[in-house]
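Presented below is the structure to which this report refers.
Please treat every number below as a calculation from the coordinates, not as lab data. Being a predicted model, the structure only gives us computed values, none of them experimental. Counting neighbours? That spans all protein chains shown, and the Cβs are built from the backbone with ideal geometry, glycine included.
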């Protein structure tokens, strides 16, 4: 039991594959992929060519780069763009290694093709290169994942992973390999040694002979060069684009309105009809009967369909479809779930925790002897924490355009998982994956919601039934009330302190563990006796990963409870944390820095107080200090200081944007986020009762970055979120003495 | 070494849940009102449409994106309008009104509903009802007649 590493997650009873399984599968399934797909004639690139380089004069150098006759370099990126800026930064990384002229770099979304699975193929392809791949892949390398094949559809955007996996291990290598091939082709043509050829701004230059040429001149010849499997990557002092705040390539189109999102799909040559849908108000129920008599007479209505587990109305316009479906009377089956209210849900959690008691449940991590140390502690504290269900509520409503005809299916939708969506459509409409094409433009927000594909399958079913193309749009109410959710949870925490107040024992037990496996473990702190346990309990609402996943509730539980321990010890919460980080120099540096920029050690202004929290998630350490003003009796957030160590930040402006977005998303949830249940159905329906933080409520946010050096690069999209709620709750405790053990906060100060 | 395993596990994270190829039920019922391209049937003169209240019920369909009119039903984006005529403006218990309506002490009647529906934000600046003005005089009158009829006093 001296092992603090999370135990292996096996395929759960839900049939869910473990996170590690996916990664491993990618490595193995893709092992030969990049090599095979390379540039030799007759390889899969022949089939890929028309998909990504259809234009005359375009040459695919390898599967991630194409160069056209105007010397425009296009990075083909396998991740979706949902506002996080990954497209642009991935192109930046590729272009830097390629020595491309940034102004002439374009970005293209990779097609939903198995050849573009997001994996660390380059780890095999380029080993042994020096981007820290080996030291984290090795523990998962052998055996564990051999059972998983290429069918796992790994074209995924999530886990704050684009830059640190695809960017580091694919885009850079693709760029460097392409550069070497261009150089090789020029060296052959000019009869000079390759080592004498310099590259800069998409040009090849041989000074001694006076030869120079744009990349485009050698793009075809480069494709005949053998590919170096271990291209030399740049060192930091050689970066020209990485580490710089280059402007995002997707922003102009989003400002001038020309950017196309999934909902904008207007496929050439297709006449669209529109579908509105109504899903069951309580999960797992189905249509018993439907009365469409009124809708049948309404203008524009084409069809009314009882699809078994939902009802659809198809009409000439979306408005007509939605108006008509509002009049359809639907009787739903009774739910067998015992959960009718949130009190019921928390009672389910509570009984699971009762059953686990002080030592039961599945041991997620353990070190030392927590039960023994708790029994002998000089002081002990315990607390029960709660987190509510949350909706993703992306701005772009869920939607999908589908056309099923002649044994083929075309889908246009906003998705984080195009290949999984394709598989889901295949099994739903009975058409082979090869006959299904997924077109996936920009996403108008996702936050994890679009990792699920049930809406894609719904649209495909309706299109199959009608026989003509339809665009299905969910109303905001459908998306808020009948979707997939961040889970609610309850955590019981206990801590033991010695005579000096030092934390010597820690125990937590909770019911929900999804991803990442280590989110529930306060591993950075030196606590000699630690026990982390899971007592699984049923969720009434279906789960879907929500920005930062388990960290979103565990960050609140753990960092609030550590604050309680500091208070029990009579210690300053920041100094108390520092005293437990003696083996964590990066965490210490982050916490010291946030203390400095927030003037933590100076007295707070009258009526205000500060709270701190620190969470490492997705490879990035983030500490936040939030200052609240409680003079009105209600929390008013005045300032937020965040310090992040992601190892190395590829685009500081983009990174800050993501951290700020994560903070605002986290504070929105902390202040207002809550879904309540009435008779098993969700009460909240739209933005008027599922509130967002407004501009005048957002604190001033200052983000400082630390590039700590030779460690793997961390993520950006999620790590800003987990410390936000506990930092705020801890600030409110500091200001008012009120300890908040459940969220949301605003309603506790009415 | 073991401790490092924790740290490194964080790097592997990809947010994924089940691949979800759940069994889908068959289409249970498919009502084809008309085929595409086929002209919409001429709107039949509804026998009840001469009645202002019935006309109002039809016209009210444009409001159902945000409002329900059903005794005791939960409000959707806008407040439940059952019994709105005779109700204090901003007075439905449990509905989160804009400050503009919540602060009012007036009572809805046919006359001020007519002004409000003609131009909601003009009549009550600050209202959250940003859409839904009913410009057509006849439609507006019919909707108000319908709403006036929908209250507990009518035995609905």
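Just so you know, the averaged projected area of the alpha carbon convex hull for the range A:673-729 sits at 6.7 nm². Average projection, convex hull of the Cα set of the range A:614-750: 9.4 square nanometres. Take the Cα pairs of the range A:236-378, get the Kirkwood Rh, then feed it into Stokes-Einstein at 4 °C and 1.567 mPa s and tell me D in µm²/s. The diffusion coefficient I find is 59 µm²/s.
With Rg and the Kirkwood Rh both taken from Cα atoms, where does Rg over Rh land for the range A:550-663? Numbers along the way, then the final one.
Working: Rg = 14.4 Å, Rh = 15.0 Å.
Ratio value, two decimals: 0.96.
Ordering A:166, A:285 from the fewest to the most neighbouring beta carbons within 10 Å gives A:285, A:166.
Restricting to DSSP H runs of at least four residues, report the calculated mean residue ellipticity at 222 nm for chain A, -39500 (n - 2.57) per run over all residues, nearest 500 deg cm²/dmol. Taking each H run of at least 4 residues, the total per residue is -8500 deg cm²/dmol. Residues A:596, A:331, A:742, A:478 in ascending order of nearby Cβ atoms (within 10 Å, fewest first): A:331, A:596, A:742, A:478.
As a length-normalised measure over Cα pairs under 8 Å and 6 or more apart, the relative contact order of the range B:47-154 settles at 34 percent. Spin-label model, residue A:408 to residue B:64: label points 7 Å out along the Cα-to-beta-carbon direction sit 3.9 nm apart. With the Kirkwood sum run over all distinct C-alpha pairs, chain A has a hydrodynamic radius of 27.6 Å.
Equivalent-ellipsoid semi-axes for the range B:47-154 (Cα gyration tensor, √(5λ), whole Å, largest first): 21, 16, 13.
The spacing between the range A:360-420 and the range A:446-482, judged by their C-alpha centroids, is 21 Å.
Each residue in A:273, A:333, B:75 was given a count of other beta-carbon atoms within 10 angstrom of its own, and listing them fewest first yields A:333, B:75, A:273. The distance separating the Cα centre of the range A:542-560 from that of the range A:595-648 comes to 19 Å.
Looking only at chain A, where both bridge partners belong to it, what percent of the DSSP beta bridges are antiparallel (to the nearest 5)?
Of those bridges, close to 75 percent are antiparallel.
Short-range pairs are left out: with C-alpha atoms under 8 Å and at least six residues apart, the relative contact order of chain A is 13 percent. In the range A:481-640, the inverse of the mean reciprocal separation of distinct Cα atoms equals 17.1 Å; this is its Kirkwood hydrodynamic radius. Bins of 5 Å, beginning at zero and ending with the bin holding the largest distance: percent of Cα pairs per bin for the range A:372-423, please. Histogramming the range A:372-423 at 5 Å steps yields 4, 11, 14, 11, 9, 7, 6, 6, 5, 7, 8, 5, 4, 3, 1 percent.
Calculated over the range A:341-438, the projected area of the Cα convex hull averaged across directions stands at 11.7 nm².
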